[in-house]
Amino acid sequence: MSKSTRNTKKAAQGKARPVAAKSKKTVASKTQAKPAPAKKTLAKKKPVPTKKPVLKKPTPKPAPKKVVKKASAPKPTVKKSAAKAPLPKTKAAVAKPAPALAKPAPKPLAKAATSPAPAKPAAAVKAVPAPASVEVKTAPVPAPAKPAPAAKTPAVAAPAKKAAAPVVEVAAAPAVVVAAPVKKVPSQPLPAPGPTKSGALFYDSHMHTPLCKHAWGEPEEYAQQALKAGLKGIIFTCHCPMPNGFWPTVRMSESEFDTYVALVQRAADAFKGKLDIRLGIESEYFPGCEEYIAALHQRADFHYVLGAVHWQAKEYLNKFETGTIENFRRTYFEHLARSAESGLYDSLAHPDLVKNYHPDSWCFAIVKNTVSTALDRIAATGVAMELNTSGLNKSYSEMNPGLEMLRMMADRKIPIVLGSDSHRAARVGEHFVTALNHLTEAGYEKVSYFLNRQRIDLPISDVLASLKKAADHNA
């Protein structure tokens, strides 16, 4: 081959190689360019299914909520606003505003839900003017909280019982009302002032019934003995029921409360015109039970509520019998003062009953300062105290309280009530003449009893004369 021909062939081969390279590049570029449109198509296909569920989900959810909570009038307005809002935002191919639309949707529903709330106070306002419309006019602004206490003050004249009942039910009584519905005994009319035809003038203000599980005899037997003792009347004060099984062996149960009321009423009916018989209660004081006791006192029209701290209760001993004997007695007198300060009671029963706790070691001088402080506190409340004649029958044979404490009570002008604390009919009015002489020796000039929870004071000299005269008349 000639050189010219070789050169031409090489030139031809050199020209062909770059062409092949270009073709490969073009092929590669074509092949690389193909996936790009595939991605675009995929991206276009993905938003299509996402948009459809987004449009379907928000629309059905608000509809049932609005239908349930709102009336027919607000329904169409909420639907239109909800339908217009999501359409333009979903066309913008944005999925995030969709939850934003769902959030504002419940907000108007919440406002709508709060709208019926003011209807409740409206009903309460209607109930307030019913008992006292004048008060609502004079003080319309403090209607939410202040009208309730305002209703208490005007209720002193006549509707006192009606106003007191709801207050107690709101505070602590609901639990009691559920356990046993409130059934108030109609208040008995007060007897004529002054002595009866027989000369009787005074009352024995502390006695029990068999419902306390440690007393004997029917109420009528106690009444018959009261006539022999020269009394004008008697007040039954059986041990009250207590919550949570507190010392159940010495008191009526919750289910026996109505039976107790009926027993007293039966005796009152049987002796009508002969002896005045009234309903009272010996009401336990134990720290923590104040609300229960306050509700209990609303369950009947008691004429006399006698407060009592019983150190003998297992619950009391388990909680407070710590330290020395003297410290335990000091705790008792502290609770005696608290019972008066609670405002729950008319009088305090057997005030130094704790001297029967280890009676061999009783020494009044050791606790005298504690007693003095307790009596100061009791005197400040105006609550009366009892001279309990049954102390002569206890392990420490002395009336409750003893003469020295009785003198301290007289110095503080604490009113005094007599009670036999009878658990047997034969003890009604027992030792009353001796007790009245003790009162005179201690410095008292008057002795008291309660009717309709109001204290009535009588000169001791008149009571002594009446007992002798009536006893001789009925002998």
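Descriptive notes on the structure:
- Extension gain for Val250-Trp216 works out to 11.0 nm (0.36 nm per residue, less the C-alpha to C-alpha distance).
- Net +/- balance of residues flanking Leu201 in space, Cβ distance below 10 Å, scoring K and R +1, D and E -1: +1
- Debye log10 I(q)/I(0) for segment 203-474, one point scatterer per Cα, at q = 0.12, 0.14, 0.16 Å⁻¹: -0.69, -0.96, -1.29
- Net charge over other residues, Cβ less than 12 angstrom from the Cβ of Met409 (K, R count +1; D, E count -1): -2
- A crude spin-label estimate for the pair Ala365 and Lys468, with each label 7 Å from Cα along the Cβ direction, gives 3.8 nm.
- Taking segment 203-474 and dividing mean pair separation by its residue count, relative contact order in percent (alpha carbons under 8 Å, at least six apart): 22 percent
- Quarter of Cα convex hull surface for segment 226-339, i.e. mean projection, nm²: 8.7 nm²
- Summed side-chain charge close to Ala337 - residues other than Ala337 whose Cβ falls under 9 Å, Lys, Arg +1, Asp, Glu -1: -1
- All distinct Cα pairs of segment 319-462 go into the 1/r average, and the inverse of that average, the Kirkwood radius, is 15.6 Å.
- Over all distinct Cα-Cα pairs of segment 428-475, the Kirkwood formula returns a hydrodynamic radius of 11.7 Å.
- Residue pairs, from the table Lys274/Lys314; Lys314/Lys368; Lys355/Lys469; Lys213/Lys394, whose Cα atoms sit over 30 Å apart: Lys274/Lys314; Lys355/Lys469
- Counted by neighbouring Cβ atoms within 10 Å, the residues Ile460, Ile416, Ile366 run from fewest to most as Ile366, Ile460, Ile416.
- Arranged from fewest to most other beta-carbon atoms within 10 Å of their beta carbon, Lys319, Lys355 become Lys319, Lys355.
- The stretch between Glu290 and Thr324, if pulled fully straight at 0.36 nm per residue, gains 9.5 nm over its current Cα-Cα span.
None of the figures in this text is laboratory data; all of them are computed from the coordinates on show. All values derive from a computational prediction rather than experimental measurement. In this analysis, Cβ positions are derived from the backbone assuming ideal geometry, glycine residues included, and neighbour counts consider all displayed protein chains.
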